[in-house]
Amino acid sequence: MSSETISLPVTGMSCSNCAANIDKMLQNLKGVEHSNVNFASERLSVEFTPSEVSLDEIVLAVKKIGYSLVLTDDGMDEVDAEEIARDAEIRDQTKKFTVGVIFALPLFVLSMSRDFNLIGQWSHASWVNWGFFLLATPVQFYTGWDYYVGAIKSLRHKSANMDLLIALGSSVAYFYSLSIMLFAGLGEHVYFETSAVIITLIKLGKLLEARTKGKTGGAIKKLIGLVPKTATILDNNVEKQVPISAVKKDDIVIIRPGERIPVDGIVIEGKSSVDESMLTGEPLPVDKKVKDMVTGGTVNGQGLLRFRAQRVGKDTALAQIIRLVQEAQGSKAPIQALADRVSAFFVPGVIIMAVITFFIWWSVTGEFVPAMIRMVAVLVIACPCALGLATPTAIMAGTGKGAENGILFKRSEALENAAKLKTIVLDKTGTITMGKPAVVDIVPLYPDITREFILAHAASLEKGSEHPIGRSIVKHVEKMKMKLMDPIDFKALSGFGVEALINGRQYRFGKPGWFFKQGYDFIDTDHIISSFQDKGRTVMLLADEKNILGLISVSDILKPESVKAIKSLHDEKLKVVMLTGDNIQTANAIAKEVNVDEVVAEVQPEEKSEQIKILQKGKGMVGMVGDGINDAPALAQADIGMAIGTGTDVAIETGDIILASGSLEGIPKAIKVSRKTLRTVRQNLFLAFVYNAVLIPVAAGILAPFEMFPDFLRQLHPILAALAMAASSISVVTNSLRLYRAKII
């Protein structure tokens, strides 16, 4: 049975425990293979079997436990639907916060004025307490209603979340104050302002957190914003503007100067330069002409282009990039496991600590009120949100920063582990070099054999080949407008060469080592081959059944950025290894130019992964960078596989990181993004753990015996605790946002 994976926005979560509740429920739902809820991005990714459970059933199951999934209506894309839902949620929270301020502010001012005897004796009359009650009640049960709902939902699923702490803390202060008014003898001082201000401050913190947290997903919004809403197509030779969703494969699309390209396609008319920087990270425009590919989301320059749509909707390169970034942002990095384990026990632990604090202080002082105040402070100051946000917000910002620079992390695990790489293995052809070798020398070895004969037979043997060298020879012959022959009984020997019958005669074309193994005479050719190989050229031989007839040397030029990129890798203290199937002389010549640390040459495609295994036996993780089908096993074997974005689909599918621009400079950039992200995660976890480890004991009164500390720390008021709690989550999210400003060049 085939499964389907969807990703949808979630509303109604208040902390990471809410995300865990949804996850737990879905994983017990029949037909759901896997689910992951990310609290920071507020998205659900779920893999399910449609024949066993429908999307509607999943939506209903999530709704039953108190949360909502955002679905798109007809004619509305997911981005608009999510934006509307998020805006509605923020408006609702803003309205509740405003009500909180309207009632809590005068309550706080009057209460504090009475406590400090700043107003008359009338303020001590019993009716004033009832006035305080009337001011506090809307805050408690309107502004704070979400916390009661969240707490009940949490308890219903036998778990505990942040809402439970806030509901408990504020309710203790509110209902104790109400009890004083109803039952004489319990006391005189009420604490309505404490409960009201706690709720209002925490509501403010959640609002600021939501708005700040939204910025960590800014890269996704930027990418989505690249997609134009409409496109101009040619319908029966008439220009027609249609919604982007109406563009179909093979439609003729017209792009005027300055317009954004709506879908992927092939140019059929016109010339222009296209700004692809938002997809590749490369600032220079790329020239486009007939038969060139254009990508949706990029910006046309000064020329008018007509192109035939090839990939539309979810199949476009931009849509796939957005999906990859969303999946990476929604996945859990290994480093998050510690925070998840702590969060599972955090809230119950805090409640137990609060109760213990209450009884200790009640037994020590014999006074109920001071003990209650400390208990409320412990409940309110604890912040599971900071722990829940520490890793995912940094991951969101890191993957976003990478996407802005043409680096696509498929999973957050790749983003984390790239920072731990010690060795980078580079394929040569198409990675260090352009992968577009050109014919340099044609050397016939017999007087009656011409250069044209060598070229024509080599190209005829290679005309069906996908190998870069074979394609370069065919292209060279096509430019010369020479006629190719049809080979019969064609055979390709991977890593060696090709053979076939041409005009009834057997010919072979391939690497010198292949002919050496078959016993061909190299006496007159060995020095020629060596001289070319010493120059970094690749030599291919043409032979019949008995003799070597001639040779062709080709040269693959370096990518302009290769030397600089490898130097940057050395600056990051990484060992650089070149892995190639080419001969050792050519490999060494290239290695000398780019200054790699080690060369492994003459490796067959199936042996590349074995070489990675050998390197993995050393110290540290190994990263492999490649672009071809033959690199796929090595990319899969490496701890981190980096696929050149201009390479084959198989390599891109296998890699953990995609370098969209095709530039080697993406490798050090990816590692720098990873290291900065991991550093930010550690900083966030440190902030979250230290905040809770230090301030919860302070709220419990651990500093009370020490007179050298100020009074507000020795007796931490719950209002200050609420303020500190709100600040902790915001500080973690703000620290993650610093990644967007980080320099990675």
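The values are calculated or read from the model by the stated rules, or taken from the named source; none is laboratory data. Computed from a predicted model, the values in this text were never measured in an experiment. All Cβ positions, even for glycine, are placed from backbone atoms using ideal geometry, and neighbour counts span all protein chains on display. Note: accessible area is taken over every heavy atom of the protein model, side chains too, but ligands, DNA and RNA are not part of it. Shrake-Rupley method; radii C 1.70, N 1.55, O 1.52, S 1.80 Å.
I'd like the orientation of helix 317-330 relative to the chain: the angle between its Cα long axis and the longest Cα principal axis, in ° from 0 to 90, rounded to 10.
The angle comes out at about 40 degrees.
Are there any GluC sites (Glu not before Pro) in the range 653-745 that are in a DSSP loop and have at most 13 other Cβ atoms within 10 Å? List them by number.
Values: sites: Glu653, Glu665, Glu707; in loops: Glu665, Glu707.
In loop regions of the range 653-745 (DSSP not H, G, I, E or B), the sparsely surrounded GluC sites (Glu not before Pro) are Glu707.
Using Stokes-Einstein with the Kirkwood hydrodynamic radius over Cα pairs, what translational diffusion coefficient do you get for the range 387-494 at 4 °C and a viscosity of 1.567 mPa s, in µm²/s rounded to a whole number? If you can, show how the numbers build up before the last one.
Numbers: Rh = 18.4 Å.
For the chosen part, D equals 70 µm²/s.
Could you tell me the center-to-center distance, by alpha carbons, between the range 14-36 and the range 527-590 in angstrom?
If we compute the Cα centre of each part, the gap is 53 Å.
Using the Kirkwood radius over Cα pairs, work out the Stokes-Einstein diffusion coefficient for the range 675-719 at 4 °C and 1.567 mPa s, in µm²/s as a whole number. All intermediate terms of the calculation are to be shown ahead of the outcome.
Values: Rh = 12.0 Å.
D = 108 µm²/s.
Normalized C-alpha radius of gyration of the range 1-64, against 2.2 N^0.38 Å? Intermediate values should be presented prior to the final figure.
On the way: Rg = 11.0 Å, N = 64, 2.2 N^0.38 = 10.7 Å.
Taking the Cα Rg and dividing by 2.2 N^0.38 Å, one obtains 1.03.
Is it possible to state the helix-based mean residue ellipticity at 222 nm for the chain, with each DSSP H run of 4+ residues giving -39500 (n - 2.57), the sum divided by total residues, to the nearest 500 deg cm²/dmol? What is it?
Working: 26 runs with 368 residues, N = 745.
It lands at -16000 deg cm²/dmol.
State log₁₀ I(q)/I(0) for the range 1-124 at q = 0.11, 0.12, 0.14, 0.15 Å⁻¹ as given by the Debye formula over alpha-carbon point scatterers of equal weight, solvent excluded.
Cα-only, vacuum Debye calculation for the range 1-124: -0.52, -0.57, -0.68, -0.74.
Report, by chain and number, residues whose modeled amide H sits under 5 Å from the one on Lys288, excluding near sequence neighbours (fewer than 5 apart, same chain).
Sorted by chain and number, the residues that satisfy this are Ser272, Ser273, Val274.
Can you give the FRET efficiency to the nearest 0.05 for Ala438 and Gln320, using r as the Cβ-Cβ distance and R₀ = 41 Å?
Values: r = 32 Å, r/R0 = 0.79.
Once the sixth-power term is evaluated, E becomes 0.80.
Hand me the chymotrypsin sites (Phe, Trp or Tyr not before Pro) from the range 515-614 located in a DSSP loop with no more than 15 other Cβ atoms within 10 Å, in residue order please. Don't jump to the answer; show the numbers that get you there.
On the way: sites: Phe515, Phe516, Tyr520, Phe522, Phe532; in loops: Tyr520, Phe522.
Those satisfying the criteria are Phe522.
Using a cut-off of under 19 Å, list every residue of the range 545-573 whose amide N is near the label point 7 Å from the Cα of Ile449 along the Cα-to-beta-carbon line.
So the set is 545-554.
Measuring from the lowest to the highest alpha carbon on each principal axis, how far does the chain reach, largest first, in angstroms?
122, 64, 48
Enter the accessible area per residue of the chain (Å², integer; probe 1.4 Å; all protein chains in place). Walk me through the intermediate numbers first.
Details: 33830 Å² over 745 residues.
I get 45 Å² per residue for the chain.
On a 0 to 90 degree scale, rounded to 10, what angle separates helix 78-115 from the longest Cα axis of the chain?
30 degrees
Using only the Cα atoms of the range 99-138, build the gyration tensor, take square roots of its eigenvalues as a ≥ b ≥ c, and label the shape rounded, prolate or oblate: rounded if a/c is under 1.5, else prolate if a/b is larger than b/c, else oblate. Write out the running numbers ahead of the final one.
Details: a/c = 3.51, a/b = 1.52, b/c = 2.31.
Oblate.
Once both axes come from the Cα atoms, what is the angle between helix 584-594 and the longest principal axis of the chain, in degrees from 0 to 90, rounded to 10?
The angle comes out near 50 degrees.
Below 8 Å between Cα atoms, with a sequence gap of 6+, how large is the relative contact order for the chain in percent?
Numbers: 1443 pairs, mean separation 97.6, N = 745.
That works out to 13 percent.
In nm, to one decimal, how far is the Ile523 label point from the Leu134 one, both placed 7 Å along Cα→Cβ?
The modelled label-to-label distance comes out at 11.8 nm.
Per residue of the range 449-456, in order, report the coupling 6.51 cos²θ - 1.76 cosθ + 1.60 (Karplus, θ = phi - 60°) as ³J(HN,Hα) in whole Hz, putting x for Gly and Pro.
9, 9, 4, 4, 4, 4, 5, 4
Taking R0 as 41 Å, what's the FRET efficiency between Lys249 and Lys483 from their Cβ-Cβ distance, rounded to 0.05?
Details: r = 36 Å, r/R0 = 0.87.
That pair, Lys249 with Lys483, gives E of 0.70.
Carbon-plus-sulfur fraction of the accessible area of the range 1-122, 1.4 Å probe, in percent? Walk me through the numbers on the way to the answer.
On the way: 3540 of 6330 Å².
Carbon-and-sulfur percentage of accessible area, whole number: 56.
Report, to the nearest whole %, how much of the accessible area of the range 496-544 belongs to carbon and sulfur atoms, 1.4 Å probe, protein only.
Looking at the range 496-544 in its full context, I get 51 percent from C and S.
With all protein chains present, how much of the accessible area of the range 638-731 (probe radius 1.4 Å) comes from carbon and sulfur, to the nearest whole percent?
Values: 2450 of 3700 Å².
So the carbon and sulfur contribution to the accessible surface is 66 percent.
First measure r as the distance between the Cβ atoms of Thr230 and Met112, then evaluate 1/(1 + (r/R0)^6) with R0 = 60 Å and state the FRET efficiency to the nearest 0.05. Before the final figure, lay out each step's value.
Numbers: r = 58 Å, r/R0 = 0.97.
Calculated value: 0.55.
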